[in-house]
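Novice: Got a structure for you, questions after.
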Amino acid sequence: MCFKQFESGHFRIQFLSGKNSIITTRFINDKTLSMLFTPAKPKLLIFDVNGTLLNMESIKEAINYAYKHPGAFTQWFSWLLQYSLVDTVTKSYHPFSEIAKASLQMTASSLEVQADEAFMEDILKSMTQLPPHPEVIEGLAILKKAGYKMITLTNSAPAAQQKQLEFAQLQGFFEETFSVDKVKLYKPHPETYEYVLDKMDVKPKEAMLIAAHGWDIAGAVRAGLQAAFIARKEQALYPLAEKPRFVCNDLVELAEELVKL
C-alpha cells in the first residue's frame, strides 16, 4: 500500500478576513485539505537508477563474500555516497566509477582484507550489468501507457548509464537520460535537479523524482520537486527532511497511484 501526504485527520485553519483582519477558525477534513494543498499531476517523472530501477543484490553478495564480512557492501556503498559528496563540497569532481573503486579500497583496508585489483574491476563491470527489480518493467509499462513523460537522473557517468539501461532492457521507456557528469556535482546537490528541469523545460513542482534513497528524496524535495519513495529493502527516509508525496513498496504500487491522478 502507498502512503500519501494529507491522508487522514482533521485540521484547524485560521483565516484573516475583513478590513480589521478578524481571525476566523474553521475545521476542515482531510478531503478538503487534500483539494487545497495536494500538488498537481506531475508532467515529468525523474527516475534514479542504481537501487531504484536496478537490483544491486548480486553486487552486495559479491562484495560481502570477497571481503568476508556481512556489512562490507553497506560500508562500501555508504563511503561511495559520502565521498561523492566530499567531491561536491570541495569542488574536486571525480567520475563515479573512480569513487566506487576508491571506496572499495577503503572498505578492504578497514576490514583488513586484500584489495584485489581484478576483483575491483569486476565489480565496476558488474555495475553495468544489473537486472531490474522484478516489478520495474511492469511499473514502467503502466506509466508509459498512461502517457507519462519519463527520464532518468543518475550519479553514474553517461556511458555507464547507457550500458546499464541497455543490459536491463529499460532504455525504451525513457525519453531522455541524464547524468550528474554534466554539472560535475553529485546528487543531492540542488543544481543536479535544476539542470534537468531546465533541459526539460518544466518547473520544480511539475516534476516528480522517484527514488529508493532517502538522501535523493530529501535533495529533490528541498529543490522544490515532488517526490515518491520506493521502500526497497534496507532503505529508509531521512526523518528530518520533508516527506515525499508518495511512499510505496514497489514501482507497480506507485504506478497505480499515479494513473489515478
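Novice: Let's test the formula: R0 of 22 Å, r as the Cβ-Cβ distance of Ala159 and Asp122. What FRET efficiency results, to the nearest 0.05?
Specialist: Working from the Cβ atoms, E equals 0.75.
Novice: A further question follows. Give Lys60/Lys182; Lys4/Lys243; Lys144/Lys233; Lys43/Lys187; Lys199/Lys243 a once-over and call out the pairs whose C-alpha atoms are over 19 Å from each other.
Specialist: Correct reply: Lys60/Lys182; Lys144/Lys233; Lys43/Lys187; Lys199/Lys243.
Novice: Calculate the tail of P(r) for the chain: the fraction of all Cα-Cα distances greater than 23 Å, expressed in %.
Specialist: That fraction is 55 percent.
Novice: Quick one: check the C-alpha center-to-center distance for region 48-65 versus region 207-261, whole angstrom.
Specialist: Rounded to whole Å, the Cα centres lie 19 Å apart.
Novice: Moving to a separate point now. I'd like the per residue volume of the convex hull spanned by the Cα atoms of region 115-261, given in cubic angstrom. All intermediate terms of the calculation are to be shown ahead of the outcome.
Specialist: On the way: hull volume 19.2 nm³, N = 147.
In region 115-261, the Cα hull volume divided by residue count equals 130 Å³.
Novice: Now a separate question. Largest first, please: the extent of the C-alpha atoms of region 190-261 along each principal axis, to the nearest Å.
Specialist: 32, 29, 16
Novice: Take every Cα-Cα distance within region 52-158, group them into 10 Å bins from 0 onward, and report for each bin the whole-number percent of pairs it holds.
Specialist: All Cα pairs, binned at 10 Å, distribute as 13, 40, 29, 15, 3, 0 percent.
Novice: If you don't mind, another one. Of Leu130, Ala118, Ala102, which is farthest on the positive side of the dipole of region 93-138, counting Cα position, with +1 on Lys and Arg Cβ, -1 on Asp and Glu Cβ, and the Cα centre as origin?
Specialist: The residue sitting farthest along the positive end of the dipole is Ala102.
Novice: Suppose R0 equals 22 Å. What FRET efficiency, 1/(1 + (r/R0)^6) with r the Cβ-Cβ distance, do Glu57 and Phe3 give to the nearest 0.05?
Specialist: With R0 = 22 Å, the Cβ-Cβ based efficiency is 0.30.
Coordinate-derived values only; no laboratory data. These numbers come from a predicted model, not from an experiment. Cβ coordinates were reconstructed from backbone atoms using ideal geometry, including for glycine residues, and neighbour counts include every protein chain displayed.
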